[in-house]
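Have a look at this one.
Just so you know, all these numbers are worked out from the coordinates, no wet-lab data involved. Predicted model only: the values in this text are computed from it and were never measured. Here Cβ is always computed from backbone atoms with ideal geometry, including for glycine, and neighbour counts include all displayed protein chains.
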Amino acid sequence: MTLESFYTFLTVMAAIAVVVFVVLFFVDAGYGKFINPKFGPTIPNKIAWFLMEVPVFIAMTILWLRSDVTWQVMPLVFFVIFQTHYFQRSLVFPFLIRGKGRMPISIMLMGATFNTLNALMQGGWIFKYGREVNPAMYDISWLWSWQFILGVVIFVAGFVINLHSDYIIRHLRKPGDTRHYIPRGGMFRYVSSANYFGEFMEWCGFALLTWSPAGVVFALWTFANLGPRANSIWHKYEKEFGEEFTSLGLKRMIPFIY
């Protein structure tokens, strides 16, 4: 693939993200709180999340090993940062899931497809096209650039928020309890979908620390996917808990903004 073709690939992915963003305001993705039989046969959540997330971890590893910059400092650092999220997401998170929830196979396959394409976006830029655009950008001096330092701070903050928020959600119920609860504590003091806020922060930070259009497209996709879902969750809480929820004055996903 030429650099021009790669930019076309990114443009198409960005355009699809915009379409997905609009569609998801009208159709809830049928998993989790919005599980829907119209999405077809289901499999256990633990298996589904593993199969959905592990392709990007594997694909990125293959791209890294097959590149000619495998042991160069900056590509290696970018690779480790990216894979830290997906190691947790594919090999840790699924096995922490409680309960016997299920996910439609169709949703899992759509997620796995996007994740594979995303590996091609991020890996393509980090291991090949980024150097074509600006060979000096990924020199070791990038480690003390303002973009890298600020991006890492944002990424790490988002990663911690995401993990802590997932922990709060997992521990809302005691064993045997079937009631529903409003998540509280951490960033749930400000938004009803703090876990989504953390993940969005991560990929905004990643886009900044890599200073890449591929990273920007991924951050766009993250918001396109999670923003409408955060809106649906907010309205679900509003309907289920009424004033108990609305009196908290929570935003949906981004504190004080959305």
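For the stretch 7-71, what ratio Rg/Rh do Cα atoms give with a Kirkwood hydrodynamic radius?
Expressed as Rg/Rh, it is 1.10.
Run the helix sum for the chain: -39,500 (n - 2.57) per DSSP H stretch of 4+ residues, divided by residue count, reported at 222 nm to the nearest 500 deg cm²/dmol.
Estimated from H runs of four or more residues: -21000 deg cm²/dmol.
Here is a follow-up. Give the residue from Phe245, Gly215, Gly99 lying farthest towards the positive end of the charge dipole for the chain; charges sit on Cβ (+1 for Lys and Arg, -1 for Asp and Glu) and the dipole is referred to the Cα centre.
Gly99
So, counting K/R as plus one and D/E as minus one, what does the shell of residues with Cβ under 10 Å around Ala230 add up to?
Within the 10 Å Cβ shell, the charges total +3.
Only four residue types carry charge here, +1 at the Cβ of Lys and Arg and -1 at the Cβ of Asp and Glu. Report the dipole size of the chain about the Cα centre in Debye, rounded to the nearest 20.
920
Hey, another quick one. State the percent of C-alpha pairs, over all pairs in the stretch 85-150, separated by a distance greater than 17 angstrom.
Of all Cα-Cα pairs in the stretch 85-150, 65 percent lie more than 17 Å apart.
May I pose another question? Test of the criteria: in the stretch 177-258, which trypsin sites (Lys or Arg not before Pro) are in a DSSP loop and have at most 16 other Cβ atoms within 10 angstrom of their Cβ?
Counting only loop positions with at most 16 other Cβ atoms within 10 Å, the trypsin sites (Lys or Arg not before Pro) in the stretch 177-258 are Arg179, Arg184.
I've got another one for you. How long are the semi-axes of the ellipsoid equivalent to the stretch 1-153, from square roots of 5 times the Cα gyration tensor eigenvalues, in whole Å, largest first?
Output for the stretch 1-153: semi-axes of 32, 19, 14 Å.
Starting from 0 in steps of 10 Å, tell me what percent of the Cα-Cα pairs of the chain lands in each bin.
Final binned percentages: 7, 28, 36, 20, 7, 1.
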